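Chemist: Can you read through this structure? Questions will come right after.
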Amino acid sequence: ETGVTQSPTHLIKTRGQQVTLRCSSQSGHNTVSWYQQALGQGPQFIFQYYREEENGRGNFPPRFSGLQFPNYSSELNVNALELDDSALYLCASSLAGQNNQPQHFGDGTRLSIL
Amino acid sequence: SQQGEEDPQALSIQEGENATMNCSYKTSINNLQWYRQNSGRGLVHLILIRSNEREKHSGRLRVTLDTSKKSSSLLITASRAADTASYFCATDASNYGQNFVFGPGTRLSVLP
């Protein structure tokens, strides 16, 4: 069983740039959720994708966008990067489009904005 | 404001002791999950308890849920140094207008 993998593991960008983070879901999982985790805080829900459609969104501006592909892998895109976007970005996959299943997390992408 | 909030924020105990962490939340939920996070790593799922359940066990872990008080507790018995991590509760209130919400976590240190 292949777990959730995220790439890259670390990334450094400057203010105003754009970034794309990638996630491969665990085999057999069709739902992917993205979270932002600031240092010392809990993960904050960004959005969830199920069957290639957005299936719920947290309190994040439109410059945070995503995609899910037919193989259930996913991308998180962030435009016009701001200093406060510095965080660990976590991807989690699960079965079905409901939150009544355990989520399986990758180890995240550490994004630093200079 | 946070849907789920863990208490205490930090906990330090000796190996072999029990550790209890609490989680409070604000709205009705479908289920509540507990996760562990080792430093710099992703979260690992521990236990899911549904809103119609009151207690669940998994190995050295025991989770309780009191929906009337909107609270849950995680008990780790006979703690080990390897249990040192941050522990988060996460509530699913998607049927009540809220997405999956994590609390700020409890940082547990188990001293050998």
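Nothing in this text is a laboratory measurement; each read-out follows from the coordinates by a stated rule. All of these numbers come straight from a predicted model, not from anything done at the bench. Cβ placement follows ideal geometry from the backbone for every residue including glycine, while neighbour counts extend to all protein chains displayed.
Chemist: Can you pull the one-decimal nm distance between simple spin-label points at A:Gln17 and B:Leu111, each 7 Å off the Cα toward Cβ?
Modeler: Here the answer is 4.3 nm between the modelled labels.
Chemist: Among the DSSP beta bridges whose two residues both lie in chain A, what percent are antiparallel, rounded to the nearest 5?
Modeler: Antiparallel bridges make up about 90 percent of those DSSP assigns within chain A.
Chemist: On to the next question. Work out from phi, with θ = phi - 60° and the Karplus expression 6.51 cos²θ - 1.76 cosθ + 1.60, the ³J(HN,Hα) of each residue of the range A:62-68, listed in order in whole Hz, and give x for Gly and Pro.
Modeler: Residue by residue, the range A:62-68 yields x, 5, 9, 9, x, 9, 10 Hz.
Chemist: Something else: Compute a Gaussian network model of chain B, connecting alpha carbons closer than 10 Å, and tell me which residue from B:Leu74, B:Leu65, B:Leu11 fluctuates the most.
Modeler: B:Leu11
Chemist: For A:Ser25, list long-range residues whose amide hydrogen, built 1.01 Å from N in the peptide plane, is under 5 Å from its own amide hydrogen.
Modeler: Amide H neighbours of A:Ser25, under 5 Å, 5+ apart: A:Ser73, A:Ser74.
Chemist: Just the C-alpha atoms of chain A: what Rg/Rh do they give, with Rh taken as the Kirkwood radius? Kindly include the intermediate steps, with their values, before the conclusion.
Modeler: On the way: Rg = 13.2 Å, Rh = 13.9 Å.
Reported Rg/Rh (Cα atoms, Kirkwood Rh): 0.95.
Chemist: Shielding by partners for B:33-43, please: the mean number of other protein chain Cβ atoms within 10 Å of each residue's Cβ. Walk me through the numbers on the way to the answer.
Modeler: Numbers: counts 5, 0, 6, 0, 7, 1, 0, 5, 6, 16, 12.
Averaged over the peptide's residues, the number is 5.
Chemist: Oh, and also: Using a 10 Å cut-off around each Cβ, can you sort A:Lys13, B:Lys69 from fewest to most neighbouring Cβ atoms?
Modeler: Numbers: A:Lys13 16, B:Lys69 9.
Sorted ascending by nearby Cβ count, the order is B:Lys69, A:Lys13.
Chemist: With the contact rule set at Cα under 8 Å and sequence spacing of 6 or more, what percent relative contact order holds for the range B:3-112?
Modeler: 39 percent
Chemist: Which of the three applies to the protein assembly as shown, rounded, prolate or oblate, going by the alpha-carbon gyration tensor with a ≥ b ≥ c and a/c under 1.5 meaning rounded?
Modeler: prolate
Chemist: Right, something else. Select from B:Ser71, B:Ser28, B:Ser12 the residue whose mean-square fluctuation is largest in a Gaussian network model of chain B (Cα-Cα springs shorter than 10 Å).
Modeler: Top of the fluctuation ranking is B:Ser12.
Chemist: How big is D, in µm² s⁻¹, for chain B by Stokes-Einstein at 20 °C and 1.002 mPa s if Rh is the Kirkwood radius over C-alpha pairs?
Modeler: Reported coefficient: 154 µm²/s.
Chemist: Have a look at B:Val63, B:Val101, B:Val44 and tell me which one the Gaussian network model of chain B (Cα, springs below 10 Å) gives the largest fluctuation.
Modeler: Between B:Val63, B:Val101, B:Val44, it is B:Val44 that shows the largest mean-square fluctuation.
Chemist: Would you order A:His10, A:His104, B:His45 from fewest to most other beta-carbon atoms within 10 Å of each residue's own beta-carbon?
Modeler: Neighbour counts put them in this order, fewest first: A:His10, B:His45, A:His104.
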